[in-house]
Amino acid sequence: MHKQHTIELAPGLEIPVMGLGTWPLTGEDASDAVARALGNGYRHVDTAANYGNEQAVGAGIARAGVRREEVWVTSKFNKEDHSRERVAAAYERTCELMGLDYLDLYLVHWPNPEQGTFVEACQGLEDLVQTGSLRAWGVSNFKPAHLQEVFDAGLRPALNQVQVDPEHLQREQLEFHARHQLTTVAYSPLGRAGDFLSHPAITSAAQEYGKTPAQIVLRWHLDSGRVAVPKSASDIRQRENLDVFDFSLTEQQRAAIDALDTGAGPRLDSDSFGH
Ligand SMILES: NC(=O)c1ccc[n+]([C@@H]2O[C@H](COP(=O)([O-])OP(=O)(O)OC[C@H]3O[C@@H](n4cnc5c(N)ncnc54)[C@H](OP(=O)(O)O)[C@@H]3O)[C@@H](O)[C@H]2O)c1
């Protein structure tokens with residue numbers, strides 16, 4: 001098994017920096033991909049109620065036969081459950097579907113500011129951690145203004161999961177995280193195999209280290225202090241994406257990749273989109 005490289009979110013709470021994304025896998029494909037990934041050394045799996053695959057992901061974890069405490073499991077819930085009371089029921093449902101006694105991390109999937117109840121959702125999550133049934137809670141797709149409302153209520157998420165890739169660096173968002181010492185998890189970290197993978201800033205580093213462009217981009221995330229959750233169902237690409245711990249980029253190489261940023265926001269604007 002690979003040595004797990006982790007970031008400490010709080011004392012005793014270490015999240016493996018490379019996780020397996022599971023959207024849009026469902027059913028047997030999802031179970032297979034998860035069992036394969038755990039066999040390949042992954043110890044962090046990312047799912048969500050909205051992916052419709054929690055049960056299949058749970059089955060994949062069970063099939064892999066890895067001890068529960070060795071795997072970091074994240075899921076997320078939808079806006080119907082954004083109330084202090086309903087979060088607990090959503091959590092119970094997810095655990096039951098996944099066949100797990102607890103999750104390591106449970107996230108508000110989208111803030112849905114027009115509904116105006118994400119702070120209550122965070123309060124419900126904090127209750128779950130306080131009572132010891134959940135290890136940590138966090139948010140996803142929260143802009144600085146949403147996070148500020150959460151902070152103002154005296155609540156502190158463990159992390160924010162947002163879309164980041166070389167062309168979508170979300171500088172203001174990430175600077176806000178840094179100012180508040182909030183860990184960033186990059187989703188769609190490969191830009192869904194974006195065209196930037198063939199840019200010289202990436203291919204030249206790939207050549208220098210004998211790595212693939214995807215490995216360079218994943219290393220760029222890690223060297224920038226982020227956790228990444230690339231999705232791959234393929235055995236070879238799963239192993240490729242985990243094989244990034246024997247080199248690191250120079251500051252100049254990292255800056256050259258940062259320079260690919262287009263300044264564009266994420267695909268979906270969380271002030272208007274959400275579920
Ligand atoms: N919080 C949110 O709102 C949110 C939103 C979107 C996604 N996510 C999470 O983030 C995860 C990853 O994001 P994503 O799936 O959108 O994008 P991604 O991980 O950037 O890209 C996945 C795509 O890249 C391919 N790929 C994987 N490894 C590769 C490699 N080494 N070389 C070339 N191609 C490679 C995959 O194909 P193969 O499977 O064929 O390898 C797949 O088509 C999701 O699965 C989900 O868990 C969260």
Q) Do the sum for the chain: with -39,500 (n - 2.57) for every DSSP H run of n ≥ 4, divided by all residues, what is the mean residue ellipticity at 222 nm, to the nearest 500 deg cm²/dmol? A) -11500 deg cm²/dmol
Q: Could you tell me the number of lysine pairs in the stretch 6-258 with C-alpha atoms less than 21 Å from each other, where the two lysines are 8 or more residues apart or belong to different chains?
A: 4
(Q) Given a 1.4 Å probe and heavy atoms of the protein chains only, how would you sort Asp46, Asp195, largest accessible area at the top? (A) Asp195, Asp46
Q. Which whole-number value in Å² is the accessible area per residue of the stretch 6-258, probe 1.4 Å?
A. 41
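Quick one: compute a quarter of the convex hull surface over the Cα atoms of the chain and quote it in nm². Mind showing how you got there, number by number?
Numbers: hull surface 53.2 nm².
Average of the hull's projected areas for the chain equals 13.3 nm².
Contour minus end-to-end for Thr131 and Arg156, with contour as 0.36 nm per residue of separation and end-to-end as the Cα-Cα distance?
Working: separation 25, 0.36 × 25 = 9.00 nm, distance 1.61 nm.
Contour length minus the Cα-Cα distance gives 7.4 nm.
Any idea what the alpha-carbon Rg over 2.2 N^0.38 Å comes to for the stretch 145-198?
1.30
Rounded to two decimals, what is Rg over Rh for the stretch 64-108 when you use alpha-carbon atoms and the Kirkwood radius? If you can, show how the numbers build up before the last one.
Numbers: Rg = 11.4 Å, Rh = 11.3 Å.
Using only Cα positions, Rg/Rh for the stretch 64-108 is 1.01.
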Q | Rounded accessible area of Trp23 (nearest 10 Å², 1.4 Å probe) | A | 120
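Could you check how much of the accessible area of the stretch 6-258 is carbon and sulfur, as a whole percent, using a 1.4 Å probe? Spell out each step's value before the answer.
Working: 4780 of 10290 Å².
Carbon-and-sulfur percentage of accessible area, whole number: 46.
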Q) Which number comes out as Rg/Rh for the stretch 133-275 once both Rg and the Kirkwood Rh are worked out on C-alpha atoms? A) 0.99
(Q) Quick check: Cα centre of the stretch 196-261 to Cα centre of the stretch 68-111, how many Å? (A) 30
Q: Provide, for q = 0.21 Å⁻¹, the log10 of I(q)/I(0) from a solvent-free Debye sum over equal Cα point scatterers in the stretch 73-192.
A: -1.18
Q | Two-site label geometry, Asp261 and Gln207: point separation in nm, points 7 Å out along Cα→Cβ | A | 2.7
Q: Have a look at Pro230, Pro157, Pro113 and tell me which one the Gaussian network model of the chain (Cα, springs below 10 Å) gives the largest fluctuation.
A: Pro113
Q) What's the longest piece of the chain with no exposed trypsin sites (Lys or Arg not before Pro), counting a site as exposed if DSSP puts it in a loop and it has at most 12 other beta carbons within 10 Å? A) 68-191
Q: Please find, in a Gaussian network model of the chain (springs between Cα atoms separated by less than 10 Å), the residue of Gly52, Gly12, Gly21 whose mean-square fluctuation is greatest.
A: Gly12
Q: Provide Rg over Rh for the stretch 109-156; use the alpha carbon set for both Rg and the Kirkwood Rh (inverse mean inverse pair distance).
A: 0.96
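The values are calculated or read from the model by the stated rules, or taken from the named source; none is laboratory data. Quick caveat, the model's predicted, so the values are computed rather than measured. Reconstructed Cβ throughout: ideal geometry from the backbone, glycine too, with neighbour counts over all protein chains shown. Quick note on the areas: whole protein, heavy atoms, side chains included, nothing else; ligands and nucleic acids left out. Shrake-Rupley method; radii C 1.70, N 1.55, O 1.52, S 1.80 Å.
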